[in-house]
Amino acid sequence: MDLDQKSTRTLNYFVPQMVTISKSGILQLSILILFIMGGFYALYIQIVDGHIVTGMRDNVVWGLYIANFIFFIGISYAGALISGILHLLRVEWRHPIIRIAEIITIISTIIGPAYILLCMGRLDRLHHLVLYGRIQSPIIWDVLAISTYLIGSIIFLYLATIRDLAALRDYPFKSKWRHTLYKFFAVNFNGNSKQNRYLERGLNIMSAIIIPLAVLVHSVLAWIFGMTLRPGWHSTIFAPYFVVAAVFSGTGVLIIALWVFRKYYHLESYITKIHFNYLGIILMILGALYAYFTFSEYLTSWYGSETWEMEVLYKLFDPHEYWWWFFFAAIVGVVVPILVILIPQFRSINSITAVSVIAVFALWVKRYLIIIPTLETPLLPLQDMRPEYIHYTPTAIEWLLTFAGVAMFCFLFFLFSKFLPIVSVVKGEEGTNYAELRKTVMQRIIKRT
Amino acid sequence: MKNKAADHRRKFLKSSIYAGVSAIAGTSLIQGCNTGASNAGEKVKLLTTDGTLVEVNQSNLTKMSHQPVSPDEARKGIPGRHFVMVVDLSRCRNARKCIKACDHHHQLTPDRPFIKVLRMQDNKASSPYWMPKKCFHCDNPPCVKVCPVGATYKRSDALVLIDNKRCIGCRFCMAACPYSARVFNWGKPKPQKTDHSYSPETSVPSQIGTVEKCDFCPDMLRQDKVPHCITACPNGALYFGDQIADSVTNGSETVRLSTLLRDKAAYRYHEELGTEPNVYYLPPSDRLFPFKEAPEGQPS
């Protein structure tokens, strides 16, 4: 495949980083593997002894695992919605960040559902979902939606990567297996106009499909809670609320990932302040939307003041229970990012990344606060003598598996970056075409007026 | 002459299966007797249906292990029945005998009881009362709706049961049940003594990582008996019966269900949730006992 000068430069820049690993890289990698091993150890204990080793009990039947599940599915939005929308809108600056966004999607769509498996009491009966699956259950909706979403995201990433795979196939690698691998996945792509046209069409279709699919996945996830008759869950706005929260956290994680890769691989010339500014503004708008939903949700249940709903609200606003967490999740995590990004003087690569970290943490806490206080508030009075049945406290096992998930996320990201350039190398032709098209359209409009 | 007597005895024994079982310690039932067996072995006293005591040779009795129905069979309800429970709150004084009987029968440890007796107080002005609470076997059960594998299901006789061989332990049913009726086997359940295979109708043996709850003792219902908690209640607070037959019994008296519900202004707990429970409560007015607080440290 013929490459232009810029693409060749990019390729020559990335390939050495793909085939070698630095000493500090090995150290970081072993730390990640250590955390992952810790997770496997915790999983072993949980399988042998049962879920008694977790902090979950008969009232609080779901805990950290489900919070992590929602969190990871949430950050998967980085790729699906952002790269899908940016692709359809032909936003020119998306090219250097779109690959990272799509990889986030795929990794978190793999890790998220793993937490559902950790939560299951009988992992050995997973096949029952196929044997006896009931379409009436929101869990089956989730299984169908997430698996479709994962497959769709993989296809989307693959289509967006074919040009790079072809370039890598033609690159003189020393190791033969890389050559075979890239040759297999490049499916004889040579960049002729017919192939380009089909590829472009495929990408357009996939990005159009992936957006409603992503919305659906998080709506279904919200419905798991929304469909139950419980205070704080049984709410009609839960699906859009979850979707907005998910894109918010997804954008945050994307900004953090860009910052890390920019530092790690020295991509200053590819990922610039413009990317952080634009993504920061998206983050700000989503933060405002999220705050609006939060306000609407809690105002409605407070104003209605139904006893059952109020019990949950009181827990969230009680300084001895969840107030400080709620304050962080619903107020600090939204107001600080909005203010910092809103005021141009505060806007910098580092500050935008810092508020993204705050937003992402706040969103994780929010997921925790959605699940635990509601489960701690059953309709019938809790008259249990055992404190662990009244209050949920995550155990070391659950924390180990949580950290293992984050470590796995970083590890898989690292693995990806060894097989594919983290920034797309070969740009499609559609960008220039579109700019020309816009030019002609604009000229026509000007002529008419 | 001898043959004729044996024949007669066999007939009579068959007719006294239910009456006779209480006379034999344990759970074995009499199936019949062997003709020709004569004087060997000890004599056993049995009570006949008409209330007379007879002596039978033990060798004439064979032990019949009472096998509960298979999980597949347990998905079908007992035809023509619609079971209901009525709890008379004016008669409950937190004696907790129902919990004990239930725990014993289902071989439960105290950390995961099927029945809870809750201290309730509807508002500040009214007196507190005790409310025995088990699974409500709803006609519109939120738990059955959400189960992804159909491990918990609704039967034609109104029962909601769990097949713990199919349950995947996702606990969605527990999150969905507004009445906290369900318990989970978080760890390995304590070893349970049973001579028969698992059936959703007995809920024994328990399995790690699966959900359990009050099952209305269908194994008893199949023998035309009432659940263990009903007979265990010393105050007759618990009634059990059939909506179609329109009769319920608390073990000592049998009353017409519709009359009882109408005259005592029965209600169902949180009717507004639309779950259509099959457990009715009679309001705690004209109480049999004054309310007394529970002793310190008593689990609910």
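The values are calculated or read from the model by the stated rules, or taken from the named source; none is laboratory data. Keep in mind the model is a prediction, meaning the values are calculated, not measured. Cβ: placed from backbone, ideal geometry, glycine included. Neighbour counts: every protein chain shown. Note: accessible area is taken over every heavy atom of the protein model, side chains too, but ligands, DNA and RNA are not part of it. Shrake-Rupley method; radii C 1.70, N 1.55, O 1.52, S 1.80 Å.
Structure summary
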| quantity | calculated |
| --- | --- |
| Qualifying residue in the stretch B:272-294 (condition: open to solvent by less than 60 Å² (accessible area, probe 1.4 Å), of a type in the set (D, E, K, R) and part of a loop (DSSP other than H, G, I, E, B)) | no |
| Test: residue in the stretch B:123-135 that is more than 10 Å from chain A (Cβ to nearest Cβ), of a type in the set (A, V, I, L, M, F, W, C) and in a loop (DSSP other than H, G, I, E, B) | yes |
| Qualifying position, being under 30 Å from A:GLU297 (Cβ atoms) and assigned to a helix (DSSP H, G or I), among A:LEU203, A:LEU229, A:LEU199, A:LEU221 | A:LEU221 |
| Members of the stretch A:366-397 found to be at pLDDT 90 or above, farther than 23 Å from B:TYR269 by Cα and part of a loop (DSSP other than H, G, I, E, B), listed by number | A:HIS391, A:TYR392, A:THR393, A:PRO394, A:THR395 |
| Any helices (runs of 4 or more DSSP H) falling wholly within the stretch A:80-173 and containing at least 2 residues that are surrounded by 21 or more Cβ atoms within 10 Å (Cβ to Cβ) | A:84-88, A:95-119, A:138-169 |
| Hey, B:LYS292 of a type in the set (Lys, Arg) and more than 14 Å from chain A (Cβ to nearest Cβ) or not | yes |
| Within the stretch B:147-163, considering residues that are among the β-branched types (Val, Ile, Thr) and open to solvent by less than 10 Å² (accessible area, probe 1.4 Å), the one nearest to the other protein chains (Cβ to nearest Cβ) | B:VAL149 |
| Residue match in the stretch B:186-204 (condition: touching a strand residue (DSSP E or B) at 6+ places or on another chain (Cβ under 9 Å), closer than 26 Å to A:PRO231 by Cα and touching a residue at least 24 places away in the same chain (Cβ under 8 Å)) | no |
| Members of the stretch A:359-388 that are surrounded by fewer than 17 Cβ atoms within 10 Å (Cβ to Cβ) and closer than 29 Å to A:PHE72 by Cβ | A:PHE361, A:GLU388 |
| Residue in the stretch A:56-74 that is among the aliphatic types (A, V, I, L, M), modelled with pLDDT of 85 or more and open to solvent by 60 Å² or more (accessible area, probe 1.4 Å) present | no |
| Any hit, the stretch A:99-118, residues being more than 18 Å from the chain's Cα centre (by Cα) and within 15 Å of A:VAL406 (Cα to Cα) | yes |
| Where a residue in the stretch A:295-310 is over 16 Å from A:ALA330 (Cα atoms) and its partner, wherever it lies, is in a helix (DSSP H, G or I), with Cβ under 6 Å and at least six apart | A:GLU309/A:SER301 |
| A:ALA67 in contact (Cβ under 8 Å) with a residue 24 or more places away in the chain and under 16 Å from A:LEU412 (Cβ atoms) | no |
| Residues of the stretch B:164-173 satisfying the condition of being in contact (Cβ under 8 Å) with a residue 24 or more places away in the chain and either more than 7 Å from every other protein chain (Cβ to nearest Cβ) or open to solvent by 10 Å² or more (accessible area, probe 1.4 Å) (or both) | B:ASN164, B:LYS165, B:ARG166, B:CYS167, B:CYS173 |
| The stretch A:297-348, residues that are of a type in the set (Gly, Ala, Ser) and open to solvent by less than 40 Å² (accessible area, probe 1.4 Å) | A:SER301, A:ALA329, A:ALA330, A:GLY333 |
| Selection within the stretch B:111-121 - in a loop (DSSP other than H, G, I, E, B) and either within 11 Å of chain A (Cβ to nearest Cβ) or touching a Pro at 6+ places or on another chain (Cβ under 9 Å) (or both) | B:ASP111, B:ARG112, B:PRO113, B:ILE115, B:GLN121 |
| B:PHE216, sole failed condition from (1) in a loop (DSSP other than H, G, I, E, B); (2) within 14 Å of chain A (Cβ to nearest Cβ); (3) open to solvent by less than 40 Å² (accessible area, probe 1.4 Å) | (2) |
| A:MET227 vs. criteria within 14 Å of chain B (Cβ to nearest Cβ) and surrounded by fewer than 22 Cβ atoms within 10 Å (Cβ to Cβ) | yes |
| Residues (farther than 17 Å from A:GLY191 by Cβ and either hydrophobic (A, V, I, L, M, F, W, C) or open to solvent by less than 10 Å² (accessible area, probe 1.4 Å) (or both)) located in the stretch A:1-21 | A:PHE14, A:VAL15, A:MET18, A:VAL19, A:ILE21 |
| Which listed residue is within 14 Å of another protein chain (Cβ to nearest Cβ) and more than 20 Å from the chain's Cα centre (by Cα), from B:LEU273, B:LEU260 | B:LEU273 |
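A quick yes/no check of all residues on (1) surrounded by 18 or more Cβ atoms within 10 Å (Cβ to Cβ); (2) closer than 24 Å to B:GLU212 by Cβ; (3) modelled with pLDDT under 80:
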residue: B:LEU46; (1), (2), (3): yes, no, yes
residue: B:THR49; (1), (2), (3): no, no, yes
residue: B:GLN67; (1), (2), (3): no, yes, yes
residue: B:LYS76; (1), (2), (3): no, yes, no
residue: B:ASP88; (1), (2), (3): yes, no, no
residue: B:CYS98; (1), (2), (3): yes, yes, no
